[in-house]
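Taken together, the values in this text are just the output of simple stated rules run on the coordinates, not laboratory data. Fair warning: this is a prediction, and the values are worked out from it, not measured in the lab. A quick note on method: Cβ atoms are made from the backbone with ideal geometry, for glycine too, and the neighbour counts reach across all protein chains shown.
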Amino acid sequence: MKNIAVFASGRGSNFQAINKHIKSGDIPARVVCVISDKANPPVFDKAQHDNISTHYINRKQFKKEQEYADFLLRILQKYNTDLIVLAGYLKLIPAEIVRKFRHAILNIHPALLPKFGGKGYYGSRVHEAVLKADDKESGATVHFVDEIYDNGLIIKQDKVPVKPDDTPHTLADRVLKVEHRIFPEVVKAFCEDRIQIKNNGVEIKDE
């Protein structure tokens, strides 16, 4: 049974998708806390409804980066965290946290990385960029988090077609359905110790 800390900045729809599988018993884990850089995001209401502890932690609350990283680490250690899941979290994770949780931080990105990733590529901006590039397909990517935005090892991707009449909103809706499917699959694989790193790549063993 793995302990998962979720970081989220907004609605937390991916948190809900994952937690649904946890509550059904499909994923052998529990969400021990939800952390946000926002004071009162919608995801907090969803977490509190399930009696999950919530924490507002923002870099601006601290004078120094080290103080911020140390505080985050204390919270994560308090809950005996095994896995950090970024579910729509827009801030860069402190390097110290990344080092402590190397290959134990998962993020989902609403595009086919390495395309349309990096600082500034989030939310509707990603879908706008895909449409502007006239790409014929997009999708979602689950990857490990390292010290650079959207740069870690890719674990799983799935594609959706880009339609001629798509808007950023319609494309986002189609990609979100993929996110809600593949993110729980990867979290489940992690919690069942089925993710292996080989030759600087990632392999998911069959159930």
So which helices (runs of 4 or more DSSP H) stay within region 1-102 end to end and still have 1 or more residues that are closer than 18 Å to residue 180 by Cα?
-> 13-23, 42-49
Which members of region 128-145 meet the condition of being more than 18 Å from residue 87 (Cβ to Cβ) and either surrounded by fewer than 19 Cβ atoms within 10 Å (Cβ to Cβ) or of a type outside the set (A, V, I, L, M) (or both)?
-> 128, 129, 131, 132, 133, 134, 135, 136, 137, 138
Return yes or no: is residue 176 closer than 29 Å to residue 24 by Cβ and either without any contact (Cβ under 8 Å) to a residue 40 or more places away in the chain or part of a helix (DSSP H, G or I) (or both)?
-> yes
Just give me the residues in region 24-54 being closer than 19 Å to residue 193 by Cα, in contact (Cβ under 8 Å) with a residue 12 or more places away in the chain and not aliphatic (A, V, I, L, M), in sequence order.
-> 26, 28, 30
Search result, residues across region 158-171 that are surrounded by fewer than 19 Cβ atoms within 10 Å (Cβ to Cβ) and not in a loop (DSSP other than H, G, I, E, B) = 158, 159, 160, 161, 168, 169, 170
